[in-house]
Structure formats: structure tokens, C-alpha cells
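Worksheet for the structure shown next.
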Amino acid sequence: MAGEKILCVDDEDPIRKLCTVYLAKRGYRVEAVSNGVEALKLIESKGPPDLVVTDVNMPLMNGLELVKRLREDRRTARTPIIVLSAAKQEQDILAGYSHGADDYIGKPIDLAVLAAKIETILRQTRGVAEVIAAPRKLGTVIAFAHGKGGVGTTTLAANVAAVLATDGKSVVLVDLNLQFGTAAMFFDLRPRTTIVEFARGDVNRVTEEDFTRFLADHKSGVRMLAVQQAIDLARGGRDAVVLDLATKLDEVTLAALDVSDIVCVVTAPHLAALRSTSDTLAMLTRIGIAEERIVVALVRNSAKGIEDASVAKFLKRKADVVVPFAEKADAAADLGVPYVLAEPNDRATIALKQLALRLATRKAVPA
């Protein structure tokens with residue numbers, strides 16, 4: 001065993017003792033608490049475990065609420081969770097899955113089954129960890145966050161990726177708007193495979209050769225991918241991974257922010273956009289994104305708008321990069337050509353190149 005840390009949460013003392021002794025004999029490091037509140041306190045003080053085993057019916061905070069809280073916390077959003085429930089309580093099982101549990105075991109517990117399920121889940125997560133830990137170059141992960149929908153975030157993500165690629169860097173562009181993603185449109189690409197096909201496979205056994213089958217190549221050198229699970233694989237051996245995040249703050253977005261080295265928040269010089277951007281910046285601070293990891297890009301997406309000085313006063317910080325209004329930007333997008341390639345000498349292109357350089361050379365700050 002690799003000595004992974006397991007947290008057992010159950011209000012029944014005999015079950016906690018049985019699980020602790022049985023799993024410890026198999027080489028795991030086991031912590032045990034009696035309810036969800038104690039579990040969250042333990043995680044806060046000692047850090048997240050490698051796997052959580054939790055009962056459903058407990059005082060103070062039950063297992064379903066604990067699962068929900070763990071999935072909302074960026075530190076434990078992807079921690080495997082096994083739910084314990086009386087075999088006939090089907091509603092608890094379904095609720096556990098809907099809240100984000102990975103598996104369940106009926107009570108009374110068969111410890112051999114529990115150990116087998118733990119080993120299976122951890123073997124899968126070890127596979128990802130080994131890929132990440134392999135001694136190879138890990139590209140910088142740059143996330144583009146929407147200060148507000150419609151301000152040009154996807155446009156910036158696509159064009160920054162194009163700039164980096166034409167500069168000779170190995171780049172993967174990941175569209176994390178899984179429902180309404182449009183990043184491929186900026187390159188006139190139609191990916192050969194879908195997120196469903198990728199998810200059906202064993203991600204932990206995907207080789208570099210397998211991984212490339214899920215990429216759509218563009219002549220600029222940019223490769224398109226639309227699957228969140230592949231971020232860690234994408235950065236291996238490449239210079240940069242550009243993430244186009246969804247506008248909503250869901251589990252996929254939180255997980256992406258968690259692995260991002262830099263977060264570029266895109267806004268526009270209009271009151272509604274600035275208000276939403278202010279909320280976005282506050283949210284990033286609340287979830288633990290250091291200010292040093294954040295870049296603000298102001299996109300002048302119309303000929304008129306609030307002046308730069310007033311924007312800085314409203315946001316309580318200057319924009320790191322201002323992209324001037326580009327009359328031909330929409331036409332380039334309609335043709336499926338990145339603006340930086342269609343209009344290489346335009347003022348907006350120069351600003352986009354400056355943004356790409358700033359993001360590519362910015363020293364990553366630990367999460």
C-alpha cells in the first residue's frame with residue numbers, strides 16, 4: 001500500500017474502530033470522527049484526506065451534507081467519497097450519488113468489500129498522480145474567467161492560444177463550457193471526438209498517443225480539447241494549457257481554478273460588466289486564489305465605454321492589459337480565423353500579443 005490517508009466518518013463507535021483497525025492493517029493511515037462537523041474541522045486542521053468513507057445518518061451534520069460541503073470546497077472537490085447506508089435505504093444511495101459520492105456500501109459493512117472498493121478507487125487516482133508526478137515538463141495552466149458573459153473571454157482565450165502557438169510554443173486550448181462551448185468556432189474546427197467518448201475510457205491509462213486522438217489540430221499549432229478530466233494530462237510535456245472557463249461557478253470551474261497557475265479575468269468598460277467583474281474578483285479571493293495569480297484584461301468591445309481611470313477606480317485596481325476596440329473582430333470570428341492571424345499589425349493584435357507574453361512569462365504562484 002502507498003499509505004494513503006483515509007477519513008472514516010460514522011457516529012457508531014464500533015464501526016469506527018473496526019474500519020480503523022482493518023484498514024490500518026492494510027497500510028492506510030486512518031483518521032476517524034463521529035459526524036460531518038468533526039470531519040470538516042479535521043480537514044481544516046490537517047488537510048484533505050486521499051479518500052473519505054462516510055455514513056449517511058449522523059448527528060450535527062449528516063453524510064449527505066458532508067458530501068455536498070466537500071464537493072463545494074476546492075481542496076476536496078475531487079476527493080473520492082464512499083457513502084455507507086443501510087442496504088434498503090435506496091433514497092440515501094441515490095441522494096449520495098446526486099451530491100457527488102463516488103460509490104456506496106450497504107450496512108452492515110463487509111470490511112473486505114470496503115477494502116476492495118477503496119483499493120480500486122485509489123488505484124485509479126494513483127494512476128493520475130503518477131502521470132502528474134512523472135519527470136517531464138509541466139506547462140503553465142492559464143485560465144480565462146468571465147467577468148461577465150459576452151465581454152470577449154473566449155475571444156481572448158483563443159487569440160492568446162494562437163499567439164503562443166505561432167511563437168513556437170506547444171499549446172492546448174481546453175473549452176470548459178461543456179454545454180455551450182464555442183472556442184472551436186474561432187479556429188473553424190470540428191473536433192473528431194467528444195467528451196462522452198473520452199469519459200467512457202479509462203482516463204488513468206490514457207497514454208500520450210491516446211490523448212492526441214482527442215485533440216483537433218489547427219494550422220496555427222493550437223490543439224482543441226473539450227474535457228475537464230484531461231487538464232493534468234494536457235499540461236504534461238507542453239508549454240501552456242489555456243482554459244476557457246464557463247460563465248457559471250460549478251464543480252468543473254472550481255476544479256479548473258484549483259489547478260490553474262494564472263487566472264485572467266476578462267471584463268469590458270461598461271457598468272454591468274464591471275459590477276460582475278468586481279464580484280468575480282471577490283469570489284476568487286474567497287476561494288483562495290492569491291492576488292498575484294490574477295490578471296485583469298479590459299476589452300474595449302465597442303467604440304465607447306467608461307474610461308480606463310474610472311474602470312480602475314471601480315475595480316480598485318488597474319487593468320493589467322487593455323485591448324482596444326477592433327472593428328473587424330466579429331468578421332474574423334465568423335470566418336473561423338483568430339484575429340491575431342487575420343490582422344497581424346492591428347493595435348488590438350499588439351495588445352493581445354502583450355497579454356500572451358505577460359501570461360506566458362508570469363511566474364506561477366503556488367495555489
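The values are calculated or read from the model by the stated rules, or taken from the named source; none is laboratory data. Predicted model only: the values in this text are computed from it and were never measured. All Cβ positions, glycine included, derive from the backbone under ideal geometry; neighbour counts span all protein chains shown. Accessible surface is based on the protein model in full, side chains and every heavy atom, while ligands, DNA and RNA are left aside. Shrake-Rupley method; radii C 1.70, N 1.55, O 1.52, S 1.80 Å.
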Hey, quick one: spin label on ARG29, modelled 7 Å out along Cα-Cβ, who in region 44-78 has an amide N within reach, i.e. under 14 Å?
-> 45-51
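Rounded to the nearest 0.05, what FRET efficiency is calculated for ARG275 and LYS5 with R0 set to 35 Å and r the Cβ-Cβ distance? Show your work: numbers first, answer last.
On the way: r = 42 Å, r/R0 = 1.20.
Efficiency for this residue pair is about 0.25.
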Per-pair calculated FRET efficiency, R0 = 56 Å: SER45 and LYS313 via Cβ, rounded to 0.05 = 0.90
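Taking the solvent-accessible surface of protein heavy atoms with a 1.4 Å probe, what is the per residue accessible area of region 276-367 in Å²?
Details: 5320 Å² over 92 residues.
Per residue, region 276-367 has 58 Å² of solvent-accessible surface.
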Neighbour cut-off at most 15 other Cβ (10 Å), DSSP loop, GluC sites (Glu not before Pro), region 256-349 = GLU307, GLU327
